[in-house]
1. If Asp134 satisfies every condition in (1) more than 29 Å from Gly228 (Cα to Cα); (2) in contact (Cβ under 8 Å) with a residue 40 or more places away in the chain but one, which is the exception?
2. Working carefully through the options Ile99, Ile115, find the one that is more than 19 Å from Gln209 (Cβ to Cβ), in contact (Cβ under 8 Å) with a residue 24 or more places away in the chain and aliphatic (A, V, I, L, M).
3. Do any strands (runs of 3 or more DSSP E) entirely within the stretch 167-213 hold 3 or more residues that are buried (at least 18 other Cβ atoms within 10 Å of the Cβ) and in contact with a strand residue (DSSP E or B) (Cβ under 8 Å, 6 or more places away or on another chain), and if so, which?
4. When the stretch 32-86 is examined, which residues are found to be over 13 Å from His204 (Cβ atoms), modelled with pLDDT under 65 and of a type in the set (A, V, I, L, M)?
Amino acid sequence: MTRAARRGPNGLILVLMSSIGLVLGTQTIALSVPLTARAATNAECDGTETNNVFGGAIKDSVGSPYITWAQATISYKNYALCHGQGASIPIQSSSSAWISIEGPQSNEIVQIGLIKCNPIASVCGNNMDEGFVDWFYAFGRYNDPFYMPWANKILLADTSTHTYTVFLSNGTWHFQIGGMDKKTLSDSWRSWHATATEETTELHNEGDQMGGTAANPETFRSAAYKVGSGSQLFNDYSDPGQTGHCYPWARFTVQPGSGFDVWTSDPHTDC
């Protein structure tokens, strides 16, 4: 998951000054079958799309002592992913929602959240339950093929709204859901300073559903972070926004400072 101002190899994003990780892969494929108008929540796959992001309330350019803890409450959504037809069967197709701590360069990230990978995609990540929503964690380092932030399955997700937390303590990263460790990871691999935190939605194909629906949007609430060893909570995230590809079907409402609602509107037509 890379930054709009510093895109990584996965390309397009839809987020205001935010950092996006690479949850799956980096390849693209030429599209030879034209897209048709479809319902936004189950649109045709675009073989040329590989990484697009929306939302991204973020606190950027935090200096020493740097960010050590970040948290957001995110609702569950069983995302509708694109359907393939002919040559438009995608290399990548997924939708996700997550909270992260990030460095100043692309791929410098630790994150936790929800992801659903499309079983028709050529690339679906590490032990994903294809076609089902999983909890995942990811971590990465700039310009290092051995530390790319691929999504790693934690467990099959339940349908409840949960608080997702990632933090560093005594040389160990903790990935928590509902205040319980789901994964721990040594910090020995990291070479970057944690200067930013982000809450966002991400997808890998134009035809994938972003967030929820107009009647039942995906919600991000109570995003906060801490710096150093302090206990003070900060929630001065910037407002979400979008940039990059046109995506007129992406919709959101802002919850000032700490969250937003996001959904995919109908009908969906090719940009």
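1. Failing condition for Asp134: (2).
2. Result: Ile99 is the single residue among Ile99, Ile115 that is more than 19 Å from Gln209 (Cβ to Cβ), in contact (Cβ under 8 Å) with a residue 24 or more places away in the chain and aliphatic (A, V, I, L, M).
3. 172-177, 196-203
4. Residues satisfying the conditions are Val33, Leu35, Ala37, Ala39, Ala40.
Residue-wise test of (1) within 18 Å of the chain's Cα centre (by Cα); (2) closer than 23 Å to Ala138 by Cα; (3) modelled with pLDDT of 90 or more.
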position: Ile177; (1), (2), (3): yes, yes, yes
position: Met180; (1), (2), (3): no, yes, yes
position: Ala194; (1), (2), (3): yes, yes, yes
position: Val254; (1), (2), (3): yes, no, no
position: Ser265; (1), (2), (3): no, no, no
position: His268; (1), (2), (3): no, no, no
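The values are calculated or read from the model by the stated rules, or taken from the named source; none is laboratory data. These numbers were taken from a predicted model, which means no experiment stands behind them. FYI the Cβ positions are ideal-geometry reconstructions off the backbone, even for glycines, and counts take in every protein chain you see.
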